Amino acid sequence: AYWLMVRDIFKFWTFVKGHREAGETHEETALREMREEVGLSGKIVSSLGQNSYSATTEQGENVLREVTFFLVETDSDKITLEEGAGLTDAKWLAMEEVKATKHYSDTNHIIDVAIKKVSELEKITNA
């Protein structure tokens, strides 16, 4: 299994994410952000849970960001990185390589859940 990772302006590898627009569900947001940030479409396979982290707004305010992550099966592997979105690179990584990248350690629990779900899905597919 391969995972799409994006590198942010702080040189950390992370997952596609973004803000919900009015009236959007978390699932709709995830699929829209994938289309916008990396040019990929797909279908949600499973929810992976949530993560919260502190961030600083452009106005210098500290805010708590909450992110809901999903496992998404894409229709293609061709990445088209959105320009000017705070991302500097994107690439596919083998599942085993994800934790070895320079990433935000507060997403480790999300990575662990994803590894478990992908392994379970592979067992079902190969049965």
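The values are calculated or read from the model by the stated rules, or taken from the named source; none is laboratory data. Being a predicted model, the structure only gives us computed values, none of them experimental. For neighbour counting, all protein chains shown are included, and Cβ atoms are generated from backbone atoms with ideal geometry for every residue, glycine included. We work out accessible area using only protein heavy atoms, side chains counted, and drop any ligands, DNA or RNA first. Shrake-Rupley method; radii C 1.70, N 1.55, O 1.52, S 1.80 Å.
Okay, here's what the table says:
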read-out	value
Hits in the stretch 52-88 (condition: among the polar types (S, T, N, Q) and touching a Lys or Arg at 6+ places or on another chain (Cβ under 6 Å))	T88
Residues of the stretch 33-46 classified as surrounded by fewer than 18 Cβ atoms within 10 Å (Cβ to Cβ) and within 15 Å of E82 (Cβ to Cβ), total	4
Among the candidates A30, A100, A94, residue that is among the aliphatic types (A, V, I, L, M) and open to solvent by 70 Å² or more (accessible area, probe 1.4 Å)	A100
Options G49, G23, G18: the member that is in contact with a Lys or Arg (Cβ under 8 Å, 6 or more places away or on another chain) and either open to solvent by less than 60 Å² (accessible area, probe 1.4 Å) or over 30 Å from I124 (Cα atoms) (or both)	G18
Residue match in the stretch 59-76 (condition: touching a Leu at 6+ places or on another chain (Cβ under 7 Å), within 23 Å of S119 (Cβ to Cβ) and open to solvent by less than 30 Å² (accessible area, probe 1.4 Å))	yes
Residues satisfying the stated conditions in the stretch 1-15, i.e. touching a residue at least 60 places away in the same chain (Cβ under 8 Å) and either open to solvent by less than 40 Å² (accessible area, probe 1.4 Å) or part of a loop (DSSP other than H, G, I, E, B) (or both)	A1, W3, L4, M5, V6, D8, I9, K11, F12, W13, T14, F15
